[in-house]
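Below is one structure, written out as structure tokens, with a few remarks after it.
The values are calculated or read from the model by the stated rules, or taken from the named source; none is laboratory data. Owing to the predicted nature of the structure, the values given are computational and were not obtained by experimental measurement. Glycine gets a Cβ as well: all are built from the backbone with ideal geometry, and neighbour counts include every protein chain shown. When the accessible area is computed, the model is the full protein with side chains, heavy atoms only, and any ligands, DNA or RNA have been set aside. Shrake-Rupley method; radii C 1.70, N 1.55, O 1.52, S 1.80 Å.
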Amino acid sequence: MTITKEQNGKTLTVSIEGRVDTTTAPALEKALLPSDSAAFSGIEALVIDAENLVYISSAGLRVLMKTRKVLEKPVSVINVSRDVYDIFETTGFTSILTVQKKLRTVSVEGCEVIGEGANGKVYRLDDETIIKVFAPGVPLSVVQEERDFAQAAFVAGVPTAISFDVVRAGESYGAVYEMLNAKTLSAVITEHPERAEELGRRMGTLLRALHSTQADTTKLHDMLAVYKERVAALGKYVTKEELEKIKRVYDALESRGTILHGDFHPKNIMYQNDELIFIDMGDVGYGHPLLDLGGSYLAMVRIGKHNPQRTPVFIGLDYPLLLTVWNAMLKAYFGKDDVSEEEKLLAVYGEAKYALTPVFYTKATEELIGRMVESTRTAGILQKDFDISPALQLSIQL
């Protein structure tokens, strides 16, 4: 067994090579728990890199358990091989320590690009799997979170693509999913515009069912809390009075324990064997339905309202056809033909989400942020006082 140490800021990484068994466990304990307590001065986290660890016995596991208790600091084990991970999992250590498997490496060289978005590209790996390769710089935690959200939604009964493992692809990370023999709903509607109302109604029914599905709140984010955090972060771009106006919009809501998609529109729905299937699950969480509906208003109405040429690029549909889908969707969602009052309220939450764009849009430059803030002042939620009192009544209805 060989042990090396490397300190980066307040994190100490200990790399282990070889076997940890009865013979070598004392040496590991000496390395992890030196008699000189000053050796860990300033260290706030311990990371054990197990990339070259081929075996660990119960003696080694007890050393890790003792280390965790003595240090009283976060201890994680990374780059664990499948065989060694089985040992951690079988003995229950995966519920005690943070244990991460070693990522397998996947090459996308020569693979067909079948989709592209703000955070990366989607490649066809083979006839049964695809890989979403995230843009360089997107941390592993974000990729793992999207995969975990997709799994949580699938387990809850939400129709979505089955997610497999997280991998490394060149200098980036990727998530592997099943290959759907399907088209986006936008593509289907473009090919068959006569079905726009029908498929819009089915979208409304699908979204209503999603908002009635109980979430595992231990695995998903409370999106109302997330939005309120974004409001607070927006303070650097707007005045105190303007910030208070947006804050009131979200304070009118109460959190719910049901699932939200986070980016619901026809381009994020696949059509396969006459079934609608959710994709792009990176923003899945739980909370009040108006957060989802406001986001859909932003994507399906506001963007085209200010620049109709943008909807074919972002949503995959011409704006007039997209409005047909939107209107049919709302009627099915609310179960009524006259949804004018509901749409006014959704516009408030769509405008509020647009106002928060500088906070969550990672590619926003300072120049773009300036234009966004000005847009909210001249033609958005900061232009006038919106009546949010109907939100309370609609909350009861939803």
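Key figures
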| read-out | value |
| --- | --- |
| Matching entry among Ala328, Ala364 (being more than 23 Å from Arg195 (Cα to Cα), open to solvent by less than 70 Å² (accessible area, probe 1.4 Å) and not charged (D, E, K, R)) | Ala364 |
| Residue match in the stretch 9-20 (condition: at negative phi, loosely packed, with under 12 Cβ neighbours inside 10 Å, within 36 Å of the chain's Cα centre (by Cα) and not in a helix (DSSP H, G or I)) | yes |
| Cβ pairs under 6 Å, 6+ apart, first in the stretch 114-135 and within 19 Å of Gly316 (Cα to Cα), second open to solvent by 50 Å² or more (accessible area, probe 1.4 Å) and charged (D, E, K, R) | Ile114/Arg124 |
| Qualifying residues in the stretch 95-125 (those that are at pLDDT below 90 and within 19 Å of Thr67 (Cα to Cα)) - the one surrounded by the fewest Cβ atoms within 10 Å (Cβ to Cβ) | Ser95 |
| Residue in the stretch 292-310 that is part of a loop (DSSP other than H, G, I, E, B), touching a Leu at 6+ places or on another chain (Cβ under 6 Å) and crowded, with 21+ Cβ neighbours inside 10 Å present | no |
| Test: residue in the stretch 203-212 that is outside any helix (DSSP H, G or I) and open to solvent by less than 50 Å² (accessible area, probe 1.4 Å) | yes |
| Top-ranked residue in the stretch 129-167 [being of a type in the set (Gly, Ala, Ser) and part of a helix (DSSP H, G or I); ranked as surrounded by the fewest Cβ atoms within 10 Å (Cβ to Cβ)] | Ser141 |
| In the stretch 23-80, the residues that are open to solvent by 70 Å² or more (accessible area, probe 1.4 Å), among the hydroxyl-bearing types (Ser, Thr, Tyr) and part of a loop (DSSP other than H, G, I, E, B) | Thr23, Ser35, Ser41 |
| Residue, farthest from Val188 (Cα to Cα), within the stretch 313-323, restricted to residues that are in contact with a Ser or Thr (Cβ under 9 Å, 6 or more places away or on another chain) and either open to solvent by 50 Å² or more (accessible area, probe 1.4 Å) or not hydrophobic (A, V, I, L, M, F, W, C) (or both) | Tyr319 |
| First in the stretch 333-354 and in a helix (DSSP H, G or I), second anywhere and among the acidic types (Asp, Glu), Cβ under 6 Å, 6 or more apart | Phe334/Glu342 |
| Selection status of Tyr85, more than 23 Å from Tyr173 (Cα to Cα) and of a type in the set (Phe, Trp, Tyr) | no |
| Ile269 open to solvent by less than 30 Å² (accessible area, probe 1.4 Å) and under 15 Å from Leu210 (Cβ atoms) | yes |
| In the stretch 146-200, the residues that are closer than 17 Å to His265 by Cβ and free of Cβ contacts under 8 Å to residues at least 60 places away in the same chain | Arg195 |
| Members of the stretch 126-156 that are in contact with a helix residue (DSSP H, G or I) (Cβ under 9 Å, 6 or more places away or on another chain) and not basic (Lys, Arg) | Phe134, Ala153 |
| Odd one out for Thr258 among (1) over 30 Å from Lys384 (Cβ atoms); (2) within 17 Å of the chain's Cα centre (by Cα); (3) open to solvent by less than 10 Å² (accessible area, probe 1.4 Å) | (3) |
| Of residues in the stretch 147-199 being small (Gly, Ala, Ser) and more than 29 Å from Gln214 (Cα to Cα), the one modelled with the highest pLDDT | Ala196 |
| Check on Ala59, at pLDDT below 90 and either over 20 Å from Lys101 (Cβ atoms) or among the charged types (D, E, K, R) (or both) | no |
| Residue match in the stretch 232-253 (condition: open to solvent by 60 Å² or more (accessible area, probe 1.4 Å) and over 30 Å from Glu374 (Cβ atoms)) | no |
